[in-house]
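The values are calculated or read from the model by the stated rules, or taken from the named source; none is laboratory data. The structure presented is a predicted model; accordingly, all values stated were derived computationally and were not measured. For neighbour counting, all protein chains shown are included, and Cβ atoms are generated from backbone atoms with ideal geometry for every residue, glycine included. All accessible areas refer to the heavy atoms of the entire protein, side chains included, with ligands and DNA or RNA removed. Shrake-Rupley method; radii C 1.70, N 1.55, O 1.52, S 1.80 Å.
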Amino acid sequence: MSQSISSSKIKSVLTPNPSISKNSEQNSSLGDFIQETLALTQRLFIQLQRRPSTLIAGIIQPFMWLVLFGALFSKAPSGLFGTDLSYAKFLAPGVIVFTAFSGALNAGLPVMFDREFGFLNRLLVAPLSSRYSIVAASTVYIIALSFIQTAVIIFASAILGAGLPGLAGLSAIALIVFLIVLGVTALSLGLAFALPGHIELIAVIFVTNLPLLFASTALAPLSFMADWLQVIASLNPLTYAIEPIRYIYGHGDWAINSIVMDTPWFGFSFGTVILVLLAFDALILLAIQPLLRRRFA
Amino acid sequence: MSAAVLIENLQKSYGDVQAVKNISFTVQPGEIFGLLGPNGAGKTTTIRCLCTLSKPDAGKIEVGGVSAIALPKAVRQRLGYVAQEVAPDKVLTGRELLKLQAALYHLPQKIIGDRIQQLIEVLGLEEYANKKIGTYSGGILKRLDLAAGLLHQPEVLVLDEPTVGLDIESRMVVWEFLQELRAAGTTVLITSHYLEEIDALADRLAIIDRGVVIAEGKPSELKDKLGGDRVTLRIREFTSDEEADKAKHILESLPFVEEVIINAVQGNSLNLIVKSGQSSLSKIEQSLAEVELPTFSLAQSRPSLDDVYLAATGQTIMDAQIAASSTRDLKKEKKQQMK
Ligand SMILES: Nc1ncnc2c1ncn2[C@@H]1O[C@H](COP(=O)(O)OP(=O)(O)OP(=O)(O)O)[C@@H](O)[C@H]1O
Ligand SMILES: [Mg+2]
């Protein structure tokens, strides 16, 4: 196989050289972390590019949510969803958040398949600077997908009569989508490391996905709900992502201290909601740490 | 100089299965070390502990003097690992996989392209590098895995049964390559259940059986330690039981014959252990002729590694292999592994 190459060249290629990678002890591992995260992210995008069906389905689905739910409530009395809020306007934030949430919830599946096929061993025997790079890569990937989906939803909603938030509003929506995707992606990856197989993971995704949708304010405001559901919806992180976006859709003049969300107990300002989402992310990232560190038997 | 790999009193159980009961061996820098054992002996379990994929229940593991348990990251940097089961990402091309691998080992960006190209050339992958891995044959996949394992120029390359399921030609390619690798100064640890493979490649080996080491040393040493020569005798192509018994009886009375075993599976051929010496064959033929038994074939050889295994366990590796593969529940193991 190597007839064409001189044996001295073979020798130089195959000779051990412990210093080929920068010495891991003295090297600031941030560079390493970025390098491995980018490489893992790139793999996910190559997969997406060569198997684009996930992306296509991911764009068609929220579009159908918008059209179907929009039609379902199209004859609702005007003003039912708040003064000056058409159902299209009401629905768009719910679909944005729910779509990002579903995508993030599924983030663990590719990792689970990597585990089952043994590809993950490749990553685990490598001197990764941190196994959070696996989480980071998935997050970057899901974020990118979610942003594409969000853009499509915002655009489609605008056509369906929801209007278009301003530039600051769009940036705020991006921030909120990022925060919800980060936490849920990390959670899903934690499950992918902890559960025994993809069947179990799919089961968990299945029993979480729709209930969390219905126990949030995505499709109907809190005031429509039974008291017990109001309590659950007020604890549901999805609600904390949906309500500020909805406020942005309804009010051109929103600010960091606008009260964007009412719960049975008290109102939350835009800033507080962001803090809640940050706390949610921090909690999950901490919780999955032992799962990542664990060596796989 | 510290050993390239040191494993001492390693133990690892899965549930109530003791996969590794007590394994110790030392690999010296620059040698090819073979870990020989039948199916289920504990080879993969040992290798997984060495490569920091599973945590041993007890024991010491060091690579170049560094503990795999205390400093797993440093050990990962020093090892290249070629797993028993190749796990390709079918969607990527070979080159893309190598690029990923290079980043995981933090190769400096500016040398990655060259380094990948060098390995592609050395492993003869030019024709395949830009094709999707899903289209590769088993032999090409193994070569890609070798390239991936060597990208970061590790001190030790660990290969778990690298030639299982490969055709003879691909197997020869791997053998030759490992010899080149040793010539270049890389230490190689290879597991196998093929005697010929370990015999042909290994400078030293350990034979393991049911989670313990039953012999360690140079192939020639282990064989010499057994002493005597092996003689295989066929009276006829297929010998009747009576004739085989009769021959056994006569041969056992010869002074230089130590043991006679009738191998029913091989058409009642006779396996003899004799004292080393030149004239055994003619004396055997002569004493058979005296009782009017013919000789269909007769051959004398030095003991093989299989004889070493046979002497320690009472069965050949092939028999152990067949017995073990019929009792293992691979699905259950896979499940256990995921826990
Ligand atoms: N994950 C697991 N769960 C339960 N038992 C296991 C597991 N892995 C291995 N075993 C058991 O441990 C023993 C050693 O297995 P191991 O895979 O280390 O053997 P091996 O020498 O690599 O065999 P092979 O030639 O089949 O690769 C076997 O009896 C096997 O059934
Ligand atoms: Mg094995």
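Select, from A:L175, A:L212, A:L191, the only residue that is open to solvent by 40 Å² or more (accessible area, probe 1.4 Å), part of a helix (DSSP H, G or I), within 14 Å of chain B (Cβ to nearest Cβ) and touching a residue at least 40 places away in the same chain (Cβ under 8 Å). Show your work before the answer.
Numbers: A:L175 fails: within 14 Å of chain B (Cβ to nearest Cβ); A:L212 fails: within 14 Å of chain B (Cβ to nearest Cβ).
Criteria check complete, one pass: A:L191.
With the condition kept exactly as written, say whether any residue in segment B:14-35 is in contact with a Phe, Trp or Tyr (Cβ under 7 Å, 6 or more places away or on another chain) and part of a loop (DSSP other than H, G, I, E, B). Spell out the reasoning first.
Of all residues in segment B:14-35, those in contact with a Phe, Trp or Tyr (Cβ under 7 Å, 6 or more places away or on another chain) come to B:27.
Filter again for part of a loop (DSSP other than H, G, I, E, B), leaving none.
For segment B:14-35, residues in contact with a Phe, Trp or Tyr (Cβ under 7 Å, 6 or more places away or on another chain) and part of a loop (DSSP other than H, G, I, E, B): absent.
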Residue pairs qualifying under the 6 Å Cβ cut-off, at least six apart or on distinct chains, with the first in segment B:18-45 being within 14 Å of chain A (Cβ to nearest Cβ) and under 20 Å from B:A3 (Cβ atoms) and the second being near ligand 2 (Cβ under 10 Å from one of its atoms) and assigned to a loop (DSSP other than H, G, I, E, B), are B:V20/B:G42
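Yes/no matrix, rows are residues, columns are (1) part of a loop (DSSP other than H, G, I, E, B); (2) crowded, with 19+ Cβ neighbours inside 10 Å:
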{"position": "A:L201", "(1), (2)": "no, yes"}
{"position": "A:S216", "(1), (2)": "yes, yes"}
{"position": "A:V231", "(1), (2)": "no, no"}
{"position": "A:S234", "(1), (2)": "no, yes"}
{"position": "A:Y247", "(1), (2)": "no, yes"}
{"position": "A:P264", "(1), (2)": "yes, no"}
{"position": "A:F268", "(1), (2)": "no, yes"}
{"position": "A:T272", "(1), (2)": "no, no"}
B:A289: passes all of (1) surrounded by 15 or more Cβ atoms within 10 Å (Cβ to Cβ); (2) free of Cβ contacts under 8 Å to residues at least 60 places away in the same chain; (3) farther than 30 Å from B:A200 by Cβ but (1)
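Are any residues in segment B:127-148 at the interface with another protein chain (Cβ under 9 Å from one of its Cβ atoms) and out of contact with any Lys or Arg (no Cβ under 8 Å at 6 or more places or on another chain), and if so, which ones? Before the answer, list the steps.
Here is the first cut: in segment B:127-148, the ones at the interface with another protein chain (Cβ under 9 Å from one of its Cβ atoms) are B:132, B:143, B:148.
Across segment B:127-148, the qualifying residue is only B:R143.
Restricting to segment B:1-13, name every residue that is of a type in the set (A, V, I, L, M) and assigned to a strand (DSSP E or B). Steps first, answer last, please.
Within segment B:1-13, the first condition is being of a type in the set (A, V, I, L, M), and the residues that meet it are B:1, B:3-7, B:10.
B:V5, B:L6, B:I7, B:L10, listed by residue number.
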Considering segment A:48-78, residues that are open to solvent by less than 40 Å² (accessible area, probe 1.4 Å) and not hydrophobic (A, V, I, L, M, F, W, C), and then whichever is farthest from the other protein chains (Cβ to nearest Cβ), we arrive at A:G70
- Going by the structure shown, is B:V66 more than 14 Å from ligand 2 (Cβ to nearest atom), more than 10 Å from chain A (Cβ to nearest Cβ) and buried (at least 21 other Cβ atoms within 10 Å of the Cβ)? no
When you scan segment B:111-123, do you find a residue that is over 29 Å from B:P29 (Cβ atoms) and more than 10 Å from every other protein chain (Cβ to nearest Cβ), even just one?
yes
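Does B:L195 meet the test of being away from ligand 1 (no atom under 16 Å from the Cβ) and under 15 Å from the mean Cα position of the chain (by Cα)?
Answer is no for this residue.
Of everything in segment B:158-170, what is more than 16 Å from ligand 1 (Cβ to nearest atom) and in contact (Cβ under 8 Å) with a residue 24 or more places away in the chain? Give them in sequence order.
First, pick out the residues of segment B:158-170 that are more than 16 Å from ligand 1 (Cβ to nearest atom): B:167-170.
Once the filter is applied, which keeps residues that are more than 16 Å from ligand 1 (Cβ to nearest atom) and in contact (Cβ under 8 Å) with a residue 24 or more places away in the chain, segment B:158-170 yields B:D167, B:E169, B:S170.
If you go through segment B:11-56 one residue at a time, how many are among the β-branched types (V, I, T), more than 13 Å from ligand 2 (Cβ to nearest atom) and surrounded by 20 or more Cβ atoms within 10 Å (Cβ to Cβ)?
Pass one, segment B:11-56, residues among the β-branched types (V, I, T): B:17, B:20, B:23, B:26-27, B:32, B:44-47, B:52.
Narrowing further to those that are more than 13 Å from ligand 2 (Cβ to nearest atom): B:17, B:23, B:26-27, B:32, B:52.
Now restrict to residues that are surrounded by 20 or more Cβ atoms within 10 Å (Cβ to Cβ): B:23, B:27, B:32, B:52.
The qualifying residues number 4.
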Selection from segment B:158-200 of residues of a type in the set (V, I, T) and over 19 Å from B:R78 (Cα atoms) yields B:T163, B:V164, B:I168, B:V173, B:V174, B:I198
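Tell me whether segment B:201-221 contains one or more residues that are within 30 Å of B:T44 (Cβ to Cβ) and polar (S, T, N, Q). Give the steps one after another, and end with the answer.
Here is the first cut: in segment B:201-221, the ones within 30 Å of B:T44 (Cβ to Cβ) are B:201-221.
Those left that are additionally polar (S, T, N, Q): B:220.
So far as segment B:201-221 goes, yes, one or more of its residues are within 30 Å of B:T44 (Cβ to Cβ) and polar (S, T, N, Q).
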